[in-house]
1. Condition first: among the aliphatic types (A, V, I, L, M) and not in a loop (DSSP other than H, G, I, E, B). Now tell me which residues in the stretch 57-111 satisfy that.
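The values are calculated or read from the model by the stated rules, or taken from the named source; none is laboratory data. Computed from a predicted model, the values in this text were never measured in an experiment. Just so you know, the surface numbers come from the protein's heavy atoms only, side chains and all, with ligands and any DNA or RNA stripped out. Shrake-Rupley method; radii C 1.70, N 1.55, O 1.52, S 1.80 Å.
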Amino acid sequence: MSEMREKIKTADNRHKLADAIRGAQVATADRGDVVIDMKEADLARIEILAQDLKAVFDEVPADDLQWDFAVSSGLQPRLWIDATSHVMMARDRRTYRFVRDTRLGRIVLAESTDVGPISDAVTNYIAERIVERQKLMEGERISLRPANVSMESTERRHSGTSSASMAPRPSVFSNAVTIMTWFLIGALAGAGALLAFFWDRLAQFF
């Protein structure tokens with residue numbers, strides 16, 4: 001029982017230490033608003049969020065290429081999640097704003113001055129997108145052609161193939177018989193024509 005209490009106490013201390021470190025980082029960023037440029041203060045806060053989400057980023061499958069997971073240090077530092085969504089700082093320089101660009105404009109998915117709610121919102125967004133991708137990859141193939149047309153064309157292909165394969169091929173003997181038959185018919189026709197042509201002369205001998 002005492003060992004369990006010690007473990008729980010140790011876990012609580014670690015959690016408190018992580019919260020304390022995060023608080024110190026935020027306080028440092030707040031003090032930096034006066035000492036350093038606002039851009040660097042925004043970048044510091046964005047990096048805090050990126051560090052908090054690092055474990056989530058590492059769990060995303062490596063073959064899923066729809067994610068960016070990158071910090072841009074431009075005029076307005078941003079944490080890019082994918083090509084259409086990112087986290088940036090609001091005008092007050094203390095509020096995290098998770099936004100997504102759509103065809104109808106930019107929408108705000110989450111907004112908070114704390115890292116936790118934004119981190120949870122980003123995690124949920126990543127999970128939803130992964131599930132959507134899995135559904136698209138595992139979806140059934142649906143034909144856009146009418147069923148009766150596809151069935152008829154398939155039957156025609158099969159029937160044409162079967163009839164062509166089952167049709168008997170003429171043999172060499174049957175070809176020879178056919179040639180001899182037509183030769184005899186031609187010979188008889190020629191003999192009849194000669195007989196009719198020379199009939200007058202042949203009639204003298206009868």
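1. Step one: of the stretch 57-111, the residues among the aliphatic types (A, V, I, L, M) are 60, 62, 65, 70-71, 75, 79, 81, 83, 87-90, 99, 104, 107-110.
Those that are among the aliphatic types (A, V, I, L, M) and not in a loop (DSSP other than H, G, I, E, B): 70, 71, 79, 81, 87, 88, 89, 99, 107, 108, 109, 110.
Here is a yes/no grid of residues against (1) open to solvent by 50 Å² or more (accessible area, probe 1.4 Å); (2) modelled with pLDDT of 90 or more:
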| position | (1), (2) |
| --- | --- |
| 19 | yes, no |
| 32 | no, no |
| 39 | yes, no |
| 47 | yes, yes |
| 54 | yes, yes |
| 64 | no, no |
| 80 | yes, yes |
